[in-house]
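Comments concern the structure below.
The values are calculated or read from the model by the stated rules, or taken from the named source; none is laboratory data. Owing to the predicted nature of the structure, the values given are computational and were not obtained by experimental measurement. We place every Cβ from the backbone using ideal geometry, glycine too, and count neighbours over all the protein chains shown. Side chains included, ligands, DNA and RNA excluded: accessible areas come from the protein's heavy atoms. Shrake-Rupley method; radii C 1.70, N 1.55, O 1.52, S 1.80 Å.
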Amino acid sequence: MTVSGGKQRFSLSEDWLATLIGLGIVAIIGFGLLGPGGQSKTTVVEPGTTQVVDLPAGDGWRVTADVDFAPDTTAFTSLTAGLVYQYGCQDGSLTTAEGVPDALTVEQPPRGMAQLWLSNTCDTAYSLTYKHDSILRWPLFGIFTR
Amino acid sequence: MTQQETQSTKWAGLLVGLALLIILVVLVAEADKWIADSFKAQGVSKNPLEYPLTAVVIGLIANAVLRVTGLYTFIRPAVRTELFLKIGLVLLGARISLGDLLAQGTGGLIQALIMVASVFLFTWWLAGRFKLPETLKAVMASAVSVCGVSAAIAAAGAVQARKEEVSYITTLVILTAIPLMVLMPWLANVMGLNPTVAGAWFGGNIDTTAAVVGAGTIYGPEAQQVAAVVKLAQNVMIGVVAFLLALYFAMVVNRGEGERPTPIMIWHRFPKFVLGFVVVSILASLDMFTPALVAEIDTANKWFFALAFVCIGLDFTLAELRKAGWKPTAVYMGATVFNTVLALIVATVIFGVLGLGA
């Protein structure tokens with residue numbers, strides 16, 4: 001890194017430039033400086049309990065669970081900020097409902113976040129995973145991973 | 001042409017060149033997919049012609065076309081092989097945990113110490129037998145033993161070599177690196193080397209880091225990782241080599257005339273991008289990246305490596321080689337053969353027999 005005399009022109013060596021660009025890319029993708037970044041959240045719900053999970057609002061979530069359900073039709077893959085989404089387990093299958101559950105005091109999710117309510121009335125625990133890719137998955141960027 | 005006009009032309013060349021490079025990388029990805037699909041149709045699941053080779057070939061074709069059309073000099077400011085490669089290496093840190101980095105880095109450092117010392121002294125001795133000038137000897141020995149073009153430039157600065165000597169060595173580095181990038185994975189496959197030993201061999205032998213990464217990529221992800229770490233361990237030696245060379249030239253060749261170098265030179269020549277690589281690796285080890293994020297960073301990494309590979313093809317020129325004559329070429333080739341054999345033995349012992357880096 002040098003500051004040359006006279007006009008005080010700032011110049012950066014190739015090594016530092018590469019480091020800054022590399023770390024910048026990691027920051028943009030990894031920490032979601034231009035968006036929420038990639039997400040992966042797995043929650044285990046024990047029988048008779050309820051778990052509350054806040055997730056960034058957005059489309060394109062991938063949902064998987066280790067109980068019987070049809071992820072394409074049942075799961076909430078689009079989450080709207082401020083809304084609450086309910087999952088439950090009944091007779092060994094995952095059930096879903098949208099909105100604030102009756103007779104429950106719900107704390108508003110933080111700004112820009114949606115909330116998942118995961119309850120379990122089955123005999124065994126189940127786990128639910130929400131995954132989201134980072135925002136840079138546009139066609140040209142992904143040409144090496146087709 | 002005024003200085004302002006020259007600057008404007010340079011900026012225009014940089015922008016047009018970058019746009020052209022992006023188009024070439026898209027072409028590489030399309031060609032790579034087409035090749036992979038063609039092999040799949042023949043029942044071959046893994047594409048034996050990985051994208052580094054496709055990228056170099058496309059770079060060579062673009063090089064020829066640009067020279068014929070007289071546009072080569074114009075877009076030259078965008079051909080930044082080393083910069084693209086270094087960015088790619090910083091991003092590669094996301095795939096390498098600190099534990100792997102320490103294990104492979106320790107093995108890599110031990111290998112680097114043996115390789116740099118042996119190959120440097122052998123090249124120096126061989127160049128002496130062929131009566132090459134002292135400065136050319138220093139630049140060539142550094143390029144073969146440490147890390148190709150970067151080492152040649154650092155050594156040239158330390159011993160005040162002529163610009164033509166650096167251009168000449170740069171040509172030799174690329175001329176040998178391209179065939180080695182393809183031949184070494186093939187040979188490693190024939191010899192049945194495991195990915196760790198193969199990666200250490202590529203990292204210890206091929207002079208330019210871009211071709212090391214290319215050879216590793218062709219052999220597989222594990223080999224690519226080990227090859228890159230081993231080469232980075234070798235890269236960090238450049239500061240020490242440049243300092244010792246400067247000291248030798250000040251004390252012996254120039255007999256105390258001129259300024260005596262100080263140890264701060266080691267830091268000045270240290271490849272700082274390695275620090276970026278280590279930082280990203282530490283972040284990855286702290287579980288700060290989800291698998292989805294690592295995949296995204298990996299995609300960015302592939303883009304920069306592909307840019308570097310295309311630039312290898314664009315960098316290639318034979319003009320300097322004709323000027324220098326056969327003697328330096330013979331010394332360089334002799335040193336490369338020595339380097340190849342020794343690196344295989346050292347990599348097998350350190351990463352195979354002793355199991356460092358596993």
The protein assembly as shown - charge dipole about Cα centre, Lys and Arg +1 at Cβ, Asp and Glu -1, debye rounded to 20:
2620
Which entries in B:K163/B:K231; B:K272/B:K323; B:K10/B:K163 show an alpha-carbon gap greater than 32 Å?
B:K272/B:K323
Accessible solvent surface per residue of chain B, calculated while the other protein chains remain in place, 1.4 angstrom probe, Å²:
42
Of B:T106, B:T299, B:T336, the most mobile residue in a GNM of chain B (C-alpha springs, cutoff 10 Å) is B:T299
Can you pull a Stokes-Einstein diffusion coefficient for the stretch B:126-174 at 10 °C (1.306 mPa s), Rh from Kirkwood over Cα pairs, as a whole number of µm²/s?
155
Hey, how much of the P(r) for the stretch B:1-128 falls beyond 21 Å, as a percent of Cα pairs?
65
Dividing the surface of the Cα convex hull of chain B by four yields a projected area in nm² of 19.9
Short version: ³J(HN,Hα) in whole Hz for each residue of the stretch B:304-317, in order, from phi by Karplus 6.51 cos²θ - 1.76 cosθ + 1.60 (θ = phi - 60°), x for Gly and Pro, what are they?
6, 5, 4, 4, 5, 5, 4, 5, 4, x, 6, 6, 5, 8
Return the lysines within reach of A:K131: Cα separation strictly under 30 angstrom, same-chain partners fewer than 8 residues apart disregarded; answer none if there are no such residues.
A:K41, B:K33, B:K46, B:K302
I'd like the carbon and sulfur percentage of the solvent accessible area for chain B, probe radius 1.4 Å, heavy atoms only, ligands and nucleic acids excluded.
68
In deg cm²/dmol and to the nearest 500, what is the mean residue ellipticity at 222 nm of the protein assembly as shown if only DSSP H runs of at least 4 residues count, each as -39500 (n - 2.57), divided by the residue total?
-19500 deg cm²/dmol
Buried solvent-accessible surface, both chains (A, B), 1.4 Å probe, Å² to nearest 100
2800
Please return the longest range in chain B lying between exposed loop sites, taking GluC sites (Glu not before Pro), DSSP loop only, at most 12 other beta-carbon atoms within 10 Å, and leaving the sites out.
B:1-256
Sorting B:V294, B:L342, A:G92 by the position of each Cα along the dipole of the protein assembly as shown (Lys, Arg +1; Asp, Glu -1; all at Cβ), the one nearest the positive end of that ordering is B:L342
Anyone know which of B:F120, B:F130, B:F309 comes out most mobile in the 10 Å Cα GNM of chain B?
B:F130
